[in-house]
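Every number here is computed from the coordinates shown, using simple stated rules; none is lab data. Note that the structure is predicted; figures quoted are calculated from it, not measured. Glycine gets a Cβ as well: all are built from the backbone with ideal geometry, and neighbour counts include every protein chain shown.
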Amino acid sequence: MDGVSTYEKIGVDYDEDTVDFGEYISAYKRKKNKSKNTIAVINLEGEIDTRESREAVINYDNVVEKLETLEDIKNLKGLVLRINSPGGSALESEKIYQKLKKLEIPIYISMGDFCASGGYYIATVGKKLFATPVTLTGSIGVVILYPEFSETINKLKVNMEGFSKGKGFDIFDVFSKLSEESKEKIVYSMNEVYSEFKAHVMEARNISEEDLEKIAGGRVWLGSQAKENGLVDELGTLNDCIDSLAKDLELKDFKLAYIRGRQSIAEIVSAMKPQFIKSDIVEKMEMLKSYSNKILYYDESLENL
């Protein structure tokens, strides 16, 4: 700055040359909301889980809650999904995907810091996918973690006896070793889910199974790499994604409707964070490591075996 002064010295009439901030915001909103065309923006933040949690979580119920709000929006032209998720439940991801698939409006995807595994599964519903250069995405694969404590109880000299009728019940007994038949059932279930995952990607990205296998198998990609191998369409911010949708819809003007639903603390903080603030790659990789003991994309259909 060049110096310190008062309104009088620099010739500013406070009443004539300034405007109250509240009036400015009101005028801005009136100007912004003149358009009848609306683009909705929905933020999906956290792990994909069937259960409610105090932490940020994405599940079928809270997604449906947000989607139901769209029915009240007049002249809704399109939807932008902002996804920031490392993945989670395969079953829940499929349910959310099918629900979004029924919408009769174009869906564009804006990826946050993470859009991997189950997050990418959901993203395949989008007509166009945007990522930042350092978004962690991909992770097209299936992982099942099965706890087995037979050696533990042996060391503790605990004797366990169980009675069951039929085959395959040992899947639900974590204190016994899995039979080969049960292992085959689990592997079969994993392969079925993996095939379904790949089918969605092949349809969405117009890619052959042979080419997809080269970039799938649980591999994680940076956004810049995902752009090169065809997993995303463009590199850009949420605003870039919104502008692209408006341009493709040939909208001369539009207004935004942010569908928030019941927000968690994590979602509120994420929404407040300026788009130009980005964690560096090292920090992102450290965060990814924190999920190493969590299932990024798992199969819940074991209960149906």
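Near the amide H of R219, within less than 5 Å, lie the amide hydrogens of S139, I140, all on another chain or at least 5 residues away, with H placed in the peptide plane.
Could you pull out the pairs from K128/K185; K95/K247; K227/K247; K66/K128 whose alpha carbons sit more than 26 Å apart here? Too far apart for the 26 Å limit: K128/K185; K95/K247. Rounded to 0.05, the FRET efficiency of the N239 and Y188 pair, given R0 = 45 Å and the Cβ-Cβ distance, is 0.50.
Counted by neighbouring Cβ atoms within 10 Å, the residues V125, V187 run from fewest to most as V187, V125. For the peptides 42-48, 112-118, 234-240, 65-71, the ranking by packing is 112-118, 42-48, 234-240, 65-71, with the highest mean count of neighbouring Cβ atoms within 10 Å listed first.
For segment 42-50, 3J(HN,Hα) computed residue by residue from phi via the Karplus equation (6.51, -1.76, 1.60; θ = phi - 60°) reads 10, 9, 10, 10, x, 6, 8, 9, 7 Hz, glycine and proline entered as x.
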